[in-house]
Every structure is written in C-alpha cells, then in structure tokens.
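The values are calculated or read from the model by the stated rules, or taken from the named source; none is laboratory data. Only a predicted model underlies this, so the values are computations on that prediction, with no experimental measurement involved. FYI the Cβ positions are ideal-geometry reconstructions off the backbone, even for glycines, and counts take in every protein chain you see. These accessible areas exclude ligands, DNA and RNA; they are computed on the full protein's heavy atoms, side chains included. Shrake-Rupley method; radii C 1.70, N 1.55, O 1.52, S 1.80 Å.
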Amino acid sequence: MEVLYIEDTPEDADLALRSLRKHNLVNEVKLLEDGQAALDYLFGEGEYASSGRGKIPRLMLLDLKLPKISGLEVLARMKTDEQLKHIPVVVLTSSNEDVDIKKAYALGANSYIVKPVDFQNFAEAIRQVGLYWLVLNEPPSNT
C-alpha cells in the first residue's frame, strides 16, 4: 500500500484522494475515519485481528482531531513500534496551535501541514505532499 490516510471529515478525504489520483501520485490508499481504527489496522487488532497487521504504507497522512483516539495518540503509539516507526507521517490538520505542532514533531511527525481552507490551495497542498513523499523522497530499503 502506498498511503494510509486517517481523516474523519469526508469532504477533506474526498478532496485529498481526488487530488492524489488526478496527478497520478497514488494507486492504493487505505482510508480510516478514527484513531482507534488506525491503531487496529496498524497493529492487527480489533476488527483486523483475524487478518493481522495491515500492509505497511509508504506514507501516512494523519489528522489530529479524530474520534475515539486522537492523531497524536496514534502517532505516539506507532513511533514506538519497530515495524512502523520508519513510516513518514504527514500531519494534515486544521489545527495551527503551537502546542499541537510541537507535540506532533516531538512524537516523530515528519511534516505538519495546516489544511488550507480554500479548495484550490488544499488540492495543491495535497499534490505537493504526494509529489515529495511518494515520488521524490527515497525511503530506507528495509521499510
């Protein structure tokens, strides 16, 4: 899988996915709508217990303001796991609070982007994220 996207706002998820696909930056995306589902998928728990861990993505797009478990909690837990800690995580959120930004980077986020309100700017931000992390960035060979 290329991208794991954790986003609870359907409009934002749809716009991001359309932008990634329009620019041919991604073929496979797993969309999850809350933090608990993300952890269950990543660790093979809950509804994913019978199938084990999900595929390791090349990139995770992570909203912070999620139902059940926050994006910061998801980030904290995944970055302590040997198999998951190398996944690049781009926080894509509406929060521009300094405390959230500092906490996200302290927990291991690779990038922090405040979602632009404007449709065109949001689509362009997603295009740039996809271009960098999925095309230009060279991940280590053991991930």
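Points worth noting:
- Residue that is outside any helix (DSSP H, G or I), at negative phi, open to solvent by less than 30 Å² (accessible area, probe 1.4 Å) and without any contact (Cβ under 8 Å) to a residue 40 or more places away in the chain, where the choices are Asp81, Asp100: Asp81
For (1) closer than 24 Å to Gln128 by Cβ; (2) open to solvent by 20 Å² or more (accessible area, probe 1.4 Å); (3) not in a helix (DSSP H, G or I), each residue gets a yes or a no:
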| position | (1), (2), (3) |
| --- | --- |
| Arg53 | no, yes, yes |
| Met60 | yes, no, yes |
| Lys65 | yes, yes, yes |
| Lys68 | no, yes, yes |
| Glu73 | no, yes, no |
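- Selected residue (only one of Met78, Met60 is under 23 Å from Leu15 (Cβ atoms) and modelled with pLDDT of 95 or more): Met60
- All of (1) out of contact with any Pro (no Cβ under 9 Å at 6 or more places or on another chain); (2) modelled with pLDDT under 95; (3) open to solvent by 10 Å² or more (accessible area, probe 1.4 Å) hold for Thr93 with one exception: (3).
- Scanning the stretch 103-129 for residues that are assigned to a loop (DSSP other than H, G, I, E, B) and of a type outside the set (Gly, Ala, Ser) yields Leu107, Asn110, Lys115, Pro116, Val117, Asp118.
- Flag set for Ile87, criterion: crowded, with 17+ Cβ neighbours inside 10 Å and in a loop (DSSP other than H, G, I, E, B).
- Any chance Gly108 is farther than 22 Å from Thr9 by Cβ and open to solvent by less than 40 Å² (accessible area, probe 1.4 Å): yes
- Note on the stretch 93-119: residues that are out of contact with any helix residue (DSSP H, G or I) (no Cβ under 7 Å at 6 or more places or on another chain) and within 20 Å of Pro139 (Cα to Cα) amount to 3.
- Single residue of the stretch 2-37 satisfying the filter (buried (at least 17 other Cβ atoms within 10 Å of the Cβ) and among the polar types (S, T, N, Q)) that is nearest to Gly130 (Cα to Cα): Ser19
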